[in-house]
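Step one of this worksheet: look at the structure below.
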Amino acid sequence: MTQPALSAQLLALADDELILGHRDSEWTGHAPILEEDIAFANIAQDEIGHASLWYGLLRDLDGHDPDRLVFFREPAEYRNVQMVELPRGDWAFSMLRQYLFDAAEAQRLPLLAADGYRPLAETAAKILTEEIYHLRHTQAWIERLAQGTQESHRRVQAALDLLWPYALQLFQPLPGEAKLAPRQIVPEAGVVRQAWLQAVVPFLSGVGLAVPEPAEPAAASREAHTPHLADLLADMQSVARLEGPEVRW
Amino acid sequence: MDSQWPRYEVFEQERPDQPHRNTGSVHAPDAELALQNARDVFVRRPECCSLWVVPESQIYSWTAESLQADPGWEAETIMLMLAPAPFEIFKKQSQRQSETYVTHVGQVSARTPVEALRQALAQFGTGEAYVWWVVPGRAILRSQPGDAQSFFGPARDKPYRSPNFYRVFTQMREAASSDPAGGGPQGGAA
């Protein structure tokens with residue numbers, strides 16, 4: 001029975017995109033310059049759009065209503081990695097988080113696009129075009145922050161030291177994944193992790209950042225969350241959860 | 001001290017059979033980020049197949065009036081030793097409100113901007129010209145054909161909606177007028 005395993009994959013993909021998109025959107029109106037405010041708001045909207053595509057596939061597969069999933073689940077029911085729920089931090093932190101995520105997507109999506117479950121493959125191919133642009137944008141920023149001033153270098157290095165074990169959680173196998181990989185429905189987590197390391201380590205070293213030593217992922221399971229997720233959801237879900245006679249839609 | 005990033009003028013081409021035309025400007029620390037900012041600011045929704053960005057400092061500009069007064073021909077002698085290089089020529093051809101773009105009209109080979117202007121007047125001088133822009137070809141960063149899919153592709157299958165699509169204002173007004181307490185948006189209906 002592969003359907004629960006496939007649902008787990010889709011939910012993880014969707015939750016990562018949703019929560020990251022929400023954190024990115026917190027920069028809207030606060031980015032360091034107007035043009036970048038627009039650029040990062042675009043990225044935030046793209047990520048939430050990708051989440052919507054993944055939730056749609058999940059609905060087709062097992063009937064879950066995306067709006068119920070997004071606005072009426074408790075923090076413990078979310079299956080995103082902890083990296084995306086961390087507060088937005090400074091600009092270097094948000095840019096580096098987005099870069100590490102984009103670089104993982106750039107490795108994972110082509111493998112999903114080539115794999116055996118057609119709706120998933122088609123969606124992955126569609127999302128990939130946008131992620132290629134995100135990666136170009138965040139790479140440009142990481143390069144400039146790392147090689148800009150002492151202050152910008154210090155900040156992006158501090159972000160890298162903090163985010164590294166969190167990023168590694170992106171490659172933890174999901175429940176039931178062993179059933180899907182041999183049938184080429186999803187790529188093996190270890191393969192994606194290796195491809196990601198081969199892409200990000202030379203890039204980060206090349207712009208003068210010290211890449212942290214291999215570490216244990218920040219959390220073993222996507223069922224574990226930091227308190228930051230509850231704060232984020234309390235805000236994001238507050239309107240949908242309004243009740244009472246004065247609420248009209 | 002001026003902490004503002006340099007300004008880049010943005011030229012957008014909607015279809016391969018149309019010229020690039022000036023669509024606005026962005027600020028950016030360098031040309032690559034200017035190109036990306038141009039994409040994000042100007043072409044996330046509408047149709048586009050190519051983008052150029054040029055630092056504002058590299059645009060040599062003449063208006064119809066300044067051409068009549070003194071185009072600066074004598075300054076030409078200073079740089080005449082340079083080898084000829086390509087210059088792109090842009091022209092504003094209409095004052096009508098919907099067509100005030102500075103539009104690409106062609107390329108010349110010249111040793112100085114003023115020499116390029118002289119050639120432009122000879123080659124492209126027919127018809128109205130309110131503004132001439134002369135830009136050294138090497139000062140332009142152009143999106144590459146390989147960029148097109150990730151730069152311009154995502155916009156194609158997304159609906160572009162004007163703010164009034166969501167009818168927020170109308171709905172707020174309706175909500176306010178049907179509120180028994182008679183309040184407006186501040187009146188407690190939230």
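Quick note: the coordinates plus some simple rules give every number you see, no bench work behind them. This one's a predicted model, so the numbers in the text were calculated from it and none came from an experiment. Positions of Cβ are backbone-derived with ideal geometry, glycine not excepted, and every protein chain shown enters the neighbour counts.
Quick look at the numbers
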item: Computed E for residue B:109/residue A:45 - FRET, C-beta separation, R0 51 angstrom, nearest 0.05; result: 0.70
item: Over chain B: helical MRE at 222 nm, DSSP H runs n ≥ 4 each giving -39500 (n - 2.57), nearest 500; result: -7500 deg cm²/dmol
item: For residue B:102, residues with placed amide H under 5 Å, excluding near neighbours; result: B:22
item: Straight-distance crosslink candidates among lysines, where the alpha carbon sits under 20 Å from residue A:126 and sequence neighbours closer than 8 are dropped; result: B:158
item: Residue-by-residue Karplus 3J(HN,Hα) for region B:158-166, coefficients 6.51, -1.76, 1.60, Hz, glycine and proline x; result: 10, x, 9, 10, 6, x, 6, 4, 7
item: For peptides A:108-120, B:166-178, sequence by mean Cβ density within 10 Å, most packed first; result: A:108-120, B:166-178
item: Unit charges on C-beta of K, R, D, E only; dipole of the protein assembly as shown, Debye; result: 700
item: Distance from region A:169-209 to region B:111-131 (C-alpha centre basis), Å; result: 56
item: Estimated FRET transfer efficiency (residue B:18, residue A:34; beta-carbon r; R0 35 Å; 0.05); result: 0.80
item: Efficiency of FRET from Cβ geometry, residue B:138 and residue A:150, R₀ 35 Å, rounded to 0.05; result: 0.60
item: Per-residue [θ]222 nm for chain A (sum of -39500 (n - 2.57) over DSSP H runs n ≥ 4, rounded to 500); result: -22500 deg cm²/dmol
item: Peptides A:10-23, B:102-115, A:78-91 ordered by average Cβ neighbours within 10 Å, highest first; result: A:10-23, A:78-91, B:102-115
item: Dipole of chain A, positive end: most advanced residue of A:158, A:142, A:117 [Cβ charges, Cα centre]; result: A:117
item: Region A:1-95: relative contact order in percent, alpha carbon pairs under 8 Å with at least 6 residues between; result: 40
item: Region B:16-69 versus region A:50-73: alpha-carbon centroid distance in Å; result: 41
item: Relative contact order, percent, chain A [alpha-carbon distance under 8 Å, six or more residues apart]; result: 25
item: Under Karplus coefficients 6.51, -1.76 and 1.60, residue-wise ³J(HN,Hα) of region A:56-69 in Hz, glycine/proline x; result: x, 5, 5, 4, 4, 7, 10, x, 5, 7, x, 4, 5, 4
item: Given charges at beta-carbon only (K, R positive; D, E negative), |dipole| of chain B in Debye; result: 560
item: Residue among A:201, A:237, A:218 farthest towards the positive dipole end of region A:158-247, charges placed on Cβ; result: A:201
item: Per-residue HN-Hα couplings for region A:194-208 [Karplus 6.51, -1.76, 1.60; θ = phi - 60°; Hz; x = Gly/Pro]; result: 5, 5, 5, 4, 5, 8, 7, 5, x, 5, 5, 5, x, 8, x
item: For the protein assembly as shown, with +1 on Lys and Arg beta carbons and -1 on Asp and Glu, the positive-most of B:25, B:83, B:37 along the dipole; result: B:83
item: Residue B:164 paired with residue B:64, simple spin-label distance in nm, labels 7 Å along Cα-to-beta-carbon; result: 3.4
item: Electrostatic dipole magnitude of chain A [Cβ: Lys, Arg +1; Asp, Glu -1; Cα centre; debye, to 20]; result: 480
item: Contact order normalised by residue count of chain B, Cα under 8 Å, 6+ apart, percent; result: 22
item: Cut-off under 5 Å, modelled amide H: who pairs with residue B:28 long-range; result: B:8
